[in-house]
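The values are calculated or read from the model by the stated rules, or taken from the named source; none is laboratory data. These figures come from a predicted structure and were not determined experimentally. Glycine also receives a Cβ, built like all others from the backbone with ideal geometry; neighbour counts cover every protein chain displayed. Note: areas computed on protein heavy atoms with side chains; ligands, DNA, RNA excluded. Shrake-Rupley method; radii C 1.70, N 1.55, O 1.52, S 1.80 Å.
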Amino acid sequence: MINRIIIVGGGTAGWLVANHLGQAMKSRPEMKITLIESPTIPTIGVGEGTVPAIRQSLRKFGISESDFIQRCNVTFKQSIKFVNWLDKNIHGENHYHHLFDVPVPYGIDLAPFWLNQHKQTAFADLVAAQYQVVEAGLAPKAITSPEFGGLTSYAYHLDARKFADFLHEHAVKHFGINHLYGDITDIDRDVDGYITALHSPQLGLQPCDFVIDCSGFNSVLLGEKMQVKFIDRSDHLLTDVALAVQIPTMEHSIVPPYTLATAHQAGWIWDIALTNRRGVGLVYSSSHMDEEQACLKLNRYIGGGLENYPWRKINMRIGRREKFWHKNCVAIGLSQGFVEPLEATSILMTDFSADLLSKRFPENRAALELLEQRFNQRLLHAWEQTFDFIKLHYCISDRSDSSFWLDNRDPATIPDTLLQKIALWRHHPPAREDFFTKFEIFDFENYLYVLYGMKFNTPAPKLAPEYIKMAAAVQERVTLEAEVLKQKLISHRALLEKIHKFGLQRL
Ligand SMILES: Cc1cc2nc3c(=O)[nH]c(=O)nc-3n(C[C@H](O)[C@H](O)[C@H](O)COP(=O)(O)OP(=O)(O)OC[C@H]3O[C@@H](n4cnc5c(N)ncnc54)[C@H](O)[C@@H]3O)c2cc1C
């Protein structure tokens, strides 16, 4: 029987897993869940942008959205605004939005319509009322909206350390998770290779039936001890370093309801506004830019004074484990792999993996092998989809101002699976049928936003008169909807202030 779970690692991943499993194991009171974290190895302390799926998890855990917003310096995220991902010499200063509301209003795919008649309008503006909402700096909901419900779709920006602490408190208080400090230095395995105990100098031998490796880039169990190979993907995704800094903001400054992602010669810069500060990070390829240039660029971006703030250099290991579940050990979080921060995929993959694991958590060893296979299949698909989607942002750019952008367009750096999709979309706009499974981390809708945000050149398809009529009517409704939303919604900062004062309607 599997009755003792140990989670190793107390970062965002470890505590998200603790909550998922704690919730799922309520029906198995004999299950003992312990989280062990090193007293000396710090958490990575970045990871401040999320995607809307996180709302379902927080709600499932029984968390109050108001408490979460108040405690983790949360702001709302409705989009990623990509700035200058196209050549400025051709397009001038340019930007596009990858919104969270889907670009198929009322179930109608307007991409063929846009390709025919409306390329002067931003694609996102034509297909989603949310475009006007985010450009006006408005909140996604009203103070009277229920917790986790919005008038537009949204996720959060948050303080990573506060978020881990918040999840920690919840897991201990509501799910009885046992929390210990200790370094895990070795494992015991039985004759079949299953882990039976963890060694810790501070805690002694810790017997276990199942372990979850949330030890970050160290991957101390699955990688180091179980020797599951790391598949390096830095040949496809070229950025490998981030310089991260936090800058305090003025009390009344505007809080954009989106992540800003501004491209530069060798990567991009994230800019995430929380209630009290901005988190800014320059992501770059160390083969195309040195640290001195990167610092200068970051300094220029924040308006000078970098030396006054404690900034950090973070090396990013780009790739994934060959598999994510081996015997009775599952890796979740950075120990599973990492792409790069664009599109905030890491917490998404963590949350997805933890949810998947907790929904079908094994009762005994009999089903382990089958569960392992299915988990690995689904995760492998999700990882490969993620690599493709992130690479898309770089390889369809027409920037030629540096070798970084030219190298990104070199077919040798593009996965075959993505090359095939791009080739297809040079003839036909994407269709839902291009995505085979019911579950895609990045789906048809996400590709539409990025492809046509970046003015990808698909020839305009021929349209039936009935479709044109219907599409025009839908477009009018989107415009009207945008006007109504602009009337109803208040500014992002004003809503945050109200939530801090009064809270939202509890569920
Ligand atoms: C530059 C950068 C920007 C990012 N931005 C985003 C973003 O915007 N959105 C997003 O979704 N994700 C982002 N991420 C990813 C995000 O930071 C992680 O998904 C998230 O923080 C989870 O990390 P973790 O818990 O896996 O690892 P960590 O936070 O590193 O935690 C590891 C834990 O393991 C413990 N540990 C390590 N070794 C041992 C040992 N031997 N024994 C016991 N304990 C041990 C440590 O003490 C720690 O508690 C970013 C990552 C980077 C590098």
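Candidates A464, V474, A431 compared by Cα position along the dipole of the stretch 425-480: farthest toward the positive end lies A464, with charges placed on Cβ. R0 = 41 Å: FRET efficiency of S27 with D190, Cβ-based, nearest 0.05? Efficiency for this residue pair is about 0.90. Each of Q117 and Q265 was given a label point 7 Å from its Cα along the Cα-to-Cβ line. The distance between the two points is 4.5 nm.
Between S402 and H252, the modelled label-to-label distance comes to 3.8 nm, taking each label 7 Å out from Cα in the direction of the beta carbon. Placing a pseudo-label 7 Å from each Cα along the Cα-to-Cβ vector at R360 and E224 gives an inter-label distance of 3.1 nm. Taking the Cα centre of the stretch 241-315 as reference, the dipole from Cβ charges on Lys and Arg (+1) and Asp and Glu (-1) amounts to some 120 debye.
What number, rounded to the nearest 500 deg cm²/dmol, is the helix-based mean residue ellipticity at 222 nm of the chain, given -39500 (n - 2.57) per DSSP H run of at least four residues and division by all its residues?
On the way: 16 runs with 182 residues, N = 507.
Helix-only estimate at 222 nm: -11000 deg cm²/dmol.
Once C-alpha pairs closer than 8 Å and six or more residues apart are averaged by separation and normalised to the residue number of the chain, the relative contact order reads 24 percent. Compared with the dominant Cα axis of the chain, that is its longest principal axis, helix 416-425 is turned about 20°.
Give me the net charge of H264's neighbourhood, meaning all other residues with Cβ under 11 Å from the Cβ of H264; Lys, Arg count +1, Asp, Glu -1.
+2
Treating the angle as unsigned and between 0 and 90°, give the value, to the nearest 10°, between the Cα long axis of helix 368-395 and the longest Cα principal axis of the chain. Once rounded, the angle reads 30 degrees. Once you reduce the stretch 161-206 and the stretch 488-507 to the center of their Cα atoms, the two points are 38 Å from each other. Rounded to the nearest 0.05, the FRET efficiency derived from the C-beta distance between D290 and E93 at R0 = 35 Å is 0.85.
Placing unit charges on the Cβ atoms of the charged side chains and taking the dipole of the chain about its Cα centre, the candidate lying farthest along the positive direction among F113, L379, G22 is G22. Relative to the current alpha-carbon distance between A460 and Q420, full extension at 0.36 nm per residue lengthens the span by 12.4 nm.
If you place +1 on the Cβ of every Lys and Arg and -1 on the Cβ of every Asp and Glu, how big does the dipole about the Cα centre of the stretch 1-157 come out, in debye to the nearest 20?
Details: 13 positive and 12 negative charges, 114 e Å.
Using Cβ point charges on Lys, Arg, Asp and Glu, the stretch 1-157 gives about 540 debye.
Here the stretch 237-257 is scanned for amide nitrogen atoms under 19 Å from the site 7 Å beyond the Cα of F217 along Cα-to-Cβ, giving 237-246. Leaving out ligands, DNA and RNA, what percent of the accessible area of the chain is carbon and sulfur, probe 1.4 Å? C and S fraction of accessible area: 52 percent. Can you work out the FRET efficiency for the pair K501 and Y309, with r the C-beta to C-beta distance and R0 = 30 Å, to the nearest 0.05? Efficiency at R0 = 30 Å is approximately 0.50.
Neighbours of R4 by Cβ distance under 10 Å: Lys/Arg scored +1, Asp/Glu scored -1, total -1. Taking Cα atoms only, the orientation of helix 444-453 departs from the longest principal axis of the chain by about 50 degrees.
Evaluated with a Cβ-only charge set (Lys, Arg +1; Asp, Glu -1), the chain carries a dipole of roughly 1040 debye about its Cα centre, given to the nearest 20.
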